[in-house]
1. Given a 1.4 Å probe, how much area per residue of the chain is accessible, in Å²?
2. Can you list the residues, at least 5 places off or on another chain, whose amide H is less than 5 Å from the amide H of Ile41, using H built in the peptide plane?
3. May I ask you to work out the translational diffusion coefficient for the chain at 10 °C, viscosity 1.306 mPa s, via Stokes-Einstein with Rh from the Kirkwood sum over Cα pairs, reported in whole µm²/s?
4. In degrees from 0 to 90, rounded to the nearest 10, what is the angle of the helix 3-19 Cα long axis to the longest principal axis of the chain?
5. What angle, in degrees between 0 and 90 and rounded to the nearest 10, separates the Cα long axis of helix 49-64 from the longest principal axis of the Cα atoms of the chain?
6. Give the relative contact order (percent, whole number) for the chain; include only Cα pairs under 8 Å separated by 6+ residues.
Amino acid sequence: MSSVVNTVTGLVKPILDEYHFELVDVEFVKEGRSWYLRVYIDKKGGINIEECALVSDRLSEKLDQ
């Protein structure tokens, strides 16, 4: 597992635990000239767009630190 994936996993796990979400996968991949970080999450009954945005915002704050 790459260091980026390990770092992001460590940052996002406490956020997901707080909301009782499950971490499905983290990937950091190059597509063309750009690198993309993707965090896949789930919960019983499914995740909605607002929950995705919530996790994205919280994780972005942690990554900016």
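1. Working: 4740 Å² over 65 residues.
I get 73 Å² per residue for the chain.
2. Those qualifying (amide H under 5 Å, at least 5 residues apart or on another chain) are Val24.
3. Translational D for this selection: 128 µm²/s.
4. Once rounded, the angle reads 10 degrees.
5. Result, in degrees: 50.
6. Working: 54 pairs, mean separation 19.5, N = 65.
It comes to 30 percent, rounded to a whole number.
The values are calculated or read from the model by the stated rules, or taken from the named source; none is laboratory data. As the structure is a computational prediction, the values presented were derived from the model and not from experiment. Heads up: the accessible areas ignore ligands, DNA and RNA and are worked out on the full protein's heavy atoms, side chains in. Shrake-Rupley method; radii C 1.70, N 1.55, O 1.52, S 1.80 Å.
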